[in-house]
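J.: There's a structure below that I have some questions on.
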Amino acid sequence: MRRAICIALACGLVAAAEARAAEVSIACSAVGRELEVCRDGAQAWARATGNAVRLVSTPNSASERLALYQQLLAAGSSDIDVLQIDVIWPGLLANHLLDLGPYAGERRREHFPAIIDNDTVRGRLVAMPWFADVPLLYYRKDLLERYGMEVPRTWRELTATARRIQHAERAAGDDRLWGFVWQGRAYEGLTCNALEWIASYGGGGIVEADGRVSVSNARASRALELAASWVGGITPRGVLNYAEEEARGVFQSGNAVFMRNWPYAWALANAAGSPVRGKVGVVPLPAGEGGASAATLGGGQLAVSRYSKHPVLAASLVMYLTGRDEQRRRAIVGGFNPTLPELYRDAEVLRANPYLGTAAQAFAHAVPRPAAVTGTRYNRVSTAFWSAVHAVLAGQSDARTALGSLERNLLRLSRGGRW
């Protein structure tokens, strides 16, 4: 145990720099069990080092959390030492984040190289990979078996299967059942959903790697038209206000056949007391017409604020939480996908997360959001995108008009594609 702690703390990183005990603050997401699992890991570090940890409450919405971070960092605030950041934020926040390279050393080689590359901005390792994410399609095994239906492979098949089961169950008296729930609120989560629909139809990635704005095309329009047809049909109109937890609440209460959500929902759906425990299966997201499955690359990273009053302690906490032992614990108790390839061969991790093989398939079809190419303008790009998509889903605009207007706006924002 002593050796494991020594490795996780970079073998005495803290003691030489800050002899007196101090309090380090960390902002963790509170979606699902994230806050609980984060707290337990942070408290383990505190016990091992003799320091204290304070958890800072932040909004569940990724967009609102980013706005909070940007406000605090722009002011040079030291209120938060360690920040949980999204996979798309390193480029946005890099100027305010500590270079973790000297603290990570050779440990960066233990993580998926693509995520380390994502977290490295102008040669500085501004964040450490904490968990990897790709969304999955959750489905009710019992309901598909009851009606002799196969797991859908395309969005069209999902639409038909969801409609048939919803209609039959409601005719039998279950008037609360819906066919499909997802994240339709006007926020970053809708960018993820809509990018998957469009990419799976071969409609591009909003902005391509060369800076070209590609969002206005016939394939993208068809994808959004299909999604809009779900609202009020196989999907409740309330989905326009759903984030991850609202969708999970409907599905886990037994009131949906299918759900698009991140892997964290697996452990909760199968927890003691869950109405759908043992009834849930997962597969990669469906393919579009003439396309392939597409899953938005997600995940969480840990970063240290440049304005921290305890940067060495904060970096130590990050190294501990992103280390092998803690990632292994988080995978087992919380269903978080590790960023360390070796843990995908760990028998106990695989027993706790039988969907990991499915997640590995989904990683093969992961699509990045256009954060790297758009840089500090990504937040404006995403906001414009999800606003246009939300208008289509709400019936306020047709897909072709909304995407055409969006492309013109993005071209102006990019000064003709030169981001």
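J.: Can you work out the FRET efficiency for the pair R109 and A74, with r the C-beta to C-beta distance and R0 = 30 Å, to the nearest 0.05?
T.: 0.35
J.: Now, a different point. Rg and Dmax of the range 192-234 over Cα atoms: what are they, in angstrom?
T.: 11.1, 38
J.: Could you tell me what % of all Cα pairs in the range 146-272 have separations over 25 Å?
T.: It works out to 28 percent of all Cα pairs.
J.: When the accessible area of the range 158-276 is split by element with a 1.4 Å probe, what percent falls to carbon and sulfur?
T.: Exposed carbon and sulfur together represent 49 percent of the surface.
J.: R54's amide H: which non-local residues (gap 5+, or another chain) put their own amide H closer than 5 Å, with H modeled 1.01 Å from N in plane and none for Pro or chain starts?
T.: Result for R54 returns V24, S25, I26.
J.: Which value in Å is the Kirkwood Rh of the chain over different Cα pairs?
T.: 22.2
J.: Roughly speaking, what is the stretch gain from T401 to R237, that is 0.36 nm per residue apart minus the C-alpha to C-alpha distance, in nm to one decimal?
T.: Extra length from T401 to R237 when fully extended: 56.9 nm.
J.: Could you tell me how far the Cα centroid of the range 242-288 sits from the Cα centroid of the range 33-95, in Å?
T.: After rounding, the separation between the Cα centres reads 26 Å.
J.: On a full-extension model of 0.36 nm per residue, what is the gain between E225 and N270, subtracting their alpha-carbon distance, rounded to one decimal in nm?
T.: Length gained between E225 and N270: 12.8 nm.
J.: Enter the accessible area per residue of the range 101-158 (Å², integer; probe 1.4 Å; all protein chains in place).
T.: Values: 2790 Å² over 58 residues.
Accessible surface, normalised per residue, equals 48 Å².
J.: A follow-up question, please. Give me, ordered by chain and number, the residues 5 or more places off V181 or on other chains with an amide H under 5 Å from its own placed amide H.
T.: Sorted by chain and number, the residues that satisfy this are F258, M259, R260.
J.: Another question, then. How large is the charge dipole for the chain, taken about the Cα centre, if only the Cβ atoms of Lys, Arg (+1) and Asp, Glu (-1) carry charge, to the nearest 20 debye?
T.: 240
J.: While we're looking at this one, here's another question. Treat each spin label as a single point 7 Å out from the Cα along the C-beta direction, and report the R351 to R412 distance in nm.
T.: About 6.0 nm separates the two model spin labels.
J.: Of all beta bridges DSSP finds with both residues in the chain, what is the antiparallel percent, to the nearest 5?
T.: Counting DSSP beta bridges with both partners in the chain, the antiparallel share is about 60 percent.
J.: Could you give the angle, 0 to 90 degrees to the nearest 10, between helix 155-171's Cα long axis and the longest principal axis of the Cα atoms of the chain?
T.: So the helix axis and the longest Cα principal axis differ by about 70 degrees.
J.: Can you give the helix-only mean residue ellipticity at 222 nm for the chain, where every DSSP H stretch with n ≥ 4 adds -39500 (n - 2.57) and the sum goes over all residues, rounded to the nearest 500 deg cm²/dmol? Working shown, then result.
T.: Working: 19 runs with 185 residues, N = 419.
Using -39500 (n - 2.57) per qualifying helix, the result is -13000 deg cm²/dmol.
J.: Please give, to one decimal in nm, the separation of the simple spin-label points placed at D40 and A67, each 7 Å out from Cα toward the Cβ.
T.: Result for the modelled spin labels: 3.3 nm.
J.: Per the 1.4 Å probe, what fraction of the accessible area of the range 313-419, in percent, lies on carbon and sulfur atoms?
T.: Looking at the range 313-419 in its full context, I get 50 percent from C and S.
J.: Could I ask something else about it? With a sphere of radius 14 Å drawn around the Cβ of E225, what net charge do the other residues whose Cβ falls strictly inside it have (Lys, Arg +1; Asp, Glu -1)?
T.: For residues surrounding E225, the net value is +2.
J.: Moving on. Suppose R0 equals 30 Å. What FRET efficiency, 1/(1 + (r/R0)^6) with r the Cβ-Cβ distance, do D175 and T154 give to the nearest 0.05? Provide the component values of the computation, followed by the final result.
T.: On the way: r = 28 Å, r/R0 = 0.93.
Computed FRET efficiency for D175 and T154 comes out at 0.60.
J.: Report the label-to-label distance for D325 and K141 in nanometres (one decimal), using points 7 Å from each Cα along the Cα→Cβ vector.
T.: Rounded to a tenth, the inter-label distance reads 3.5 nm.
J.: Continuing with this model, one more query. Give the accessible surface of the range 171-295 per residue, rounded to a whole number of Å², with probe radius 1.4 Å and ligands, DNA and RNA excluded.
T.: 31
J.: Tell me, what is the FRET efficiency for K309 and R122 to the nearest 0.05, using R0 = 25 angstrom and their Cβ-Cβ distance as r?
T.: 0.50
The values are calculated or read from the model by the stated rules, or taken from the named source; none is laboratory data. Being a predicted model, the structure only gives us computed values, none of them experimental. Heads up, the Cβs are rebuilt from the backbone with ideal geometry, glycines too, and the neighbour counts pull from every protein chain shown. These area figures cover heavy atoms from the full protein model, side chains too; ligands, DNA and RNA do not enter into them. Shrake-Rupley method; radii C 1.70, N 1.55, O 1.52, S 1.80 Å.
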